[in-house]
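Shown next, in structure tokens, is the structure this report addresses.
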Amino acid sequence: MWRRRREVNLLDTDEMDLFFEKLDRMNQAQLLSMRAAWYATSRDAHADAWTTVRAVAARNGWTREIDRVRAKAMSWITRGTNTIPYQMNDDFTWQQVKNEAGEAIVDAALAISLGSRLDAPTHALLIEPWLRATGAEE
């Protein structure tokens, strides 16, 4: 007998709303800090984390939801600079900084959206650059 998977909307949560609000208020130094923290972890560790994310998605039928979270994070990265909370000297520089922090931003979005559905080590690896950059504690 086929089981229907319960619908879930990983983007429609208070945690994700807060994440994108904080992201809108981040400055260049915070984004560069996220990038540096992300690159301080090995490629193998990132690959293992993504394997876990994909396994959680497959097991729960959330592949489309994971894609939606990634797409929304990428949308923030690529959208125009009209949401910068301060005036930068060079819009190109701001966009470049956002692009360079992109992998860390996507990882943080997934960690927040999946929360405790991820095992603790995977969640910690994905969220660490965000926590360092924002000074937040989970």
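Search the stretch 40-51 for residues that are touching a residue at least 24 places away in the same chain (Cβ under 8 Å) and in a helix (DSSP H, G or I) and pair each with any residue that is charged (D, E, K, R) and surrounded by 14 or more Cβ atoms within 10 Å (Cβ to Cβ) when their beta-carbon atoms are under 9 Å apart and the residues are at least 6 apart or on different chains.
Final answer for the pair search is HIS46/GLU103; HIS46/ASP107; ALA49/ASP107.
Among the residues of the stretch 15-35, which ones are free of Cβ contacts under 8 Å to residues at least 60 places away in the same chain and part of a helix (DSSP H, G or I)?
ASP17, LEU18, PHE20, GLU21, ALA29
From the list THR63, THR41, which residue is hydroxyl-bearing (Ser, Thr, Tyr) and touching a helix residue (DSSP H, G or I) at 6+ places or on another chain (Cβ under 6 Å)?
One residue alone meets the criteria, THR63.
Starting from residues that are buried (at least 18 other Cβ atoms within 10 Å of the Cβ) and among the aromatic types (Phe, Trp, Tyr), keep the ones in the stretch 29-75 and report whichever is nearest to the chain's Cα centre (by Cα).
This residue is TRP38.
Of the numbered conditions (1) at pLDDT below 90; (2) in a helix (DSSP H, G or I); (3) of a type in the set (Phe, Trp, Tyr), TYR86 satisfies every one except a single condition; which is it?
If we test TYR86 against (1) at pLDDT below 90; (2) in a helix (DSSP H, G or I); (3) of a type in the set (Phe, Trp, Tyr), just (2) comes out false.
Being charged (D, E, K, R) and modelled with pLDDT of 95 or more is the filter here, so list the residues in the stretch 38-53 that pass it.
ASP44, ASP48, listed by residue number.
Within the stretch 118-138, track down each residue that is modelled with pLDDT under 95 and buried (at least 17 other Cβ atoms within 10 Å of the Cβ).
Within the stretch 118-138, ARG132, ALA133, THR134 meet the criteria.
The values are calculated or read from the model by the stated rules, or taken from the named source; none is laboratory data. Being a predicted model, the structure only gives us computed values, none of them experimental. Neighbour counts run over all protein chains shown; Cβ positions are idealised from the backbone, glycine included.
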